[in-house]
Amino acid sequence: MTDTPTPSAAASPSATFQHEGKRYPHTAPEIHSWAINQLHEDRADFVRELEAATTERILEEHGRDLNGLLSKTLFAEQQRTKDEPWKVDPPQERRYWKRLAKMLATRSLDENEPTTAENATRTILGRVVHRYADEIVGHFKIPTFKFARRFLTFFFGRLLNAADGRSFRSLFSKKILLQEKLLVRGYVDQVRELSQRGTVVMVPTHFSNLDSILIGYAMDQVAGLPAMSFGAGLNLYNTGYTAYFMNRLGAYRVDRRKQNPIYMTALKTFSRLIIQRGVPSLFFPGGTRSRSGALETKLKLGLLGTAVEAQRGRYQDGRNDKVFIVPVILSYPFVLEGQFLIEQHLRKEGQDRYIKAQDSFHSLRSILKFVWGVFSKGNRITITLGQPLDVLGNRVEADGKSYSKNGHQVSTREYFRDQFGKINKDYQRENEYTRMLGEKIVERYHADGIVLASHLVSYAAFGMLEKAFPGHDLYALLRLPPEDFYFDQEALYDVVAQLRDLLVAMSLEDRTKIAPEIYESPAAIVGHGIDSMGTFHIDKPLYRDRKGRIVCDNFALLYYYHNRLSTFKLNRRLKYPALLLIDERTAAEQ
């Protein structure tokens, strides 16, 4: 087992965390000037613009078989309203789609009047697009935003006081600064500067239903950035209080039940238009919460491609301002929905070998317990703003200039010209740019994300479990009774020390970032990791029992936290001791 390393200045905690604990003044304190507010003051005109642009794209891509496209769409909508109705759906929703289907069948198929048939088809398309556009575009109300800001500040602030004092009696005692617990780090100064030079699009990792709230609040109250437009599932609007706030805070509505091309085109066109207008935007390129607990490696490129198209659109309009992509990496010491998510993942991958667990994130009580659990143990939630990129994946400096991998300055405008030097639309070319951008975002997720002690210790412990049973596949390992085993402490310290040294070396190569406690001794790292991982879960992934032994209640949950480092492929570089796990029964016999 190696001693605690002495980090160089380049990799020291002070250098990596130089912005932590800082609260920034607002770059644009006047809310009326925010692009998201100006968009919603012009909502009616914007909806019309969205309808026109969506219709144009639909005709461009499906004009030869518009009738077929509408037939499939209307059939799918009738099935949706029958099989999966929601309270948030408009009144008489099923009747509306049924009437449009009848209109399409009776009017557009009149072969004796082709002109009338074509007009009828266009009219039906217009109605469908209008319904989708009006549903997607939300609202932004300044009084509601200010109320939400005050409420969340009070809520988090009071809760921090109570958590720091380990008692709800501390709710109104000393004041704990939010930025000391909700840390915003990374390229914060640079992103603030870029937000005043162009349009920032944030693309976060996604682990918890709390992500959107935390990022939005932290960007406003800690990083000092204007509010962003973000997508909210339409199902959230089923509840009155939730619907009231979501409908007034700049969120746009996303109905995941609708997967037809017309709806998806409207959604993507909306994203392109708001970015092109200069509205800061946030969306999760992974598409949904990471079920396995791993960092995303394969991104859904649909909305990401709208940023590329928006940049090209700006150049076509004669503008020079750029779209800046900011990878955002969230690091939780533990995830409230962890057990539910990993069981979903295992059930999908293991073909229903797992019983469904209840998603524990639907009640206010569970959210309160989660936040309390994080802060009362001295834990912190870290939001890292990664290295800003242009829409081609080149790094961007604070002055807005782009630089290639070899350090040469590049002009993004030149990448959108045709062979005659004219800025032109080329979807195939832009799809390739989007793919390149997605790969670069994944790279920055790994390079800029902060590795916590809980990530390292869980990775070490589950790796020991795998090595102790080399003939078992994953599902055989997870069927082992955890109560029959405990981890050899010295072996765990040894593996943790190896991982620590590997991660320190990687941080020097700009391949990851590490928390300050990872520079400590293996015993201290294990202590930090166990304390934070075991804060909330009933079945604890790792803890010390009454005899001081390191044990696990749930190997699946341990696997979930282990996966945070799984994409780094560190396991192949470790040398495991001979003794890893001790069988409780064998130890008792001896």
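Computed packing ranks the peptides 211-224, 461-474, 260-273, 419-432 as 260-273, 211-224, 461-474, 419-432, most packed first, by mean other Cβ atoms within 10 Å. Backbone amide hydrogens, once placed in the peptide plane, bring Gly233 within less than 5 Å of Val254, excluding anything fewer than 5 places away on its chain.
Count Lys and Arg as plus one, Asp and Glu as minus one, and take only other residues whose Cβ is under 13 Å from that of Thr297; the net charge is then +3.
Applied to the stretch 263-272, the Karplus parametrisation 6.51 cos²θ - 1.76 cosθ + 1.60 on θ = phi - 60° returns per-residue 3J(HN,Hα) values of 5, 5, 5, 4, 5, 5, 5, 4, 4, 4 Hz, with x for Gly and Pro. Sorting Trp34, Trp86 from the fewest to the most surrounding beta carbons within 10 angstrom yields Trp86, Trp34. Can you give the local net charge around Met464? Use residues other than it whose beta-carbon is closer than 10 angstrom to its beta-carbon, Lys and Arg +1, Asp and Glu -1. It works out to a net charge of -2. If you take every residue apart from Leu542 with its C-beta less than 13 Å away from the C-beta of Leu542, what net charge results, scoring Lys and Arg +1 and Asp and Glu -1? That sum, taken over residues with Cβ under 13 Å, equals -1. Of the trypsin sites (Lys or Arg not before Pro) found in the stretch 384-415, the ones in coil according to DSSP and having at most 16 other Cβ atoms within 10 Å of their Cβ are Lys401, Lys405.
Taking a ≥ b ≥ c as the square roots of the Cα gyration tensor eigenvalues, with a/c under 1.5 meaning rounded and otherwise prolate when a/b beats b/c, else oblate, which class fits the stretch 180-448?
Taking the square roots of the gyration eigenvalues as a ≥ b ≥ c, the stretch 180-448 is prolate.
Amide H to amide H, with H built 1.01 Å from N, Phe485 comes under 5 Å of Glu584, counting only residues 5 or more places away or on other chains.
Residues Arg546, Arg289, arranged from fewest to most other Cβ atoms within 10 angstrom of their Cβ, appear as Arg546, Arg289. Residue-wise HN-Hα couplings along the stretch 294-304, as the Karplus relation 6.51 cos²θ - 1.76 cosθ + 1.60 with θ = phi - 60° gives them from phi, are 8, 5, 5, 10, 10, 9, 7, 8, x, 5, 4 Hz; Gly and Pro carry x.
Under 5 Å between amide hydrogens, built in the peptide plane, is the criterion, and for Asp553 it picks out Lys540, Leu542 among residues at least 5 positions away or on other chains.
Multiplying the residue separation of Lys575 and Ala398 by 0.36 nm and removing their Cα-Cα distance gives an extension gain of 59.4 nm. Kindly flag which residue pairs out of Lys258/Lys425; Lys87/Lys146; Lys300/Lys440; Lys258/Lys298; Lys72/Lys258; Lys87/Lys348 have an alpha-carbon separation exceeding 20 Å in this structure. Result: Lys258/Lys425; Lys87/Lys146; Lys258/Lys298; Lys87/Lys348 exceed 20 Å.
Taking the average, over residues, of other Cβ atoms within 10 Å as the packing measure, peptides 522-529, 89-96, 193-200 rank 522-529, 193-200, 89-96 from highest down. Sorting the segments 512-518, 496-502, 70-76 by their mean number of nearby beta carbons within 10 angstrom, highest to lowest, gives 512-518, 496-502, 70-76.
Just so you know, all these numbers are worked out from the coordinates, no wet-lab data involved. What you are looking at is a predicted structure, and each value in this text was computed from that prediction instead of being measured. Methodologically, a virtual Cβ is constructed for each residue, glycine included, from the backbone with ideal geometry; neighbour enumeration extends over all protein chains shown.
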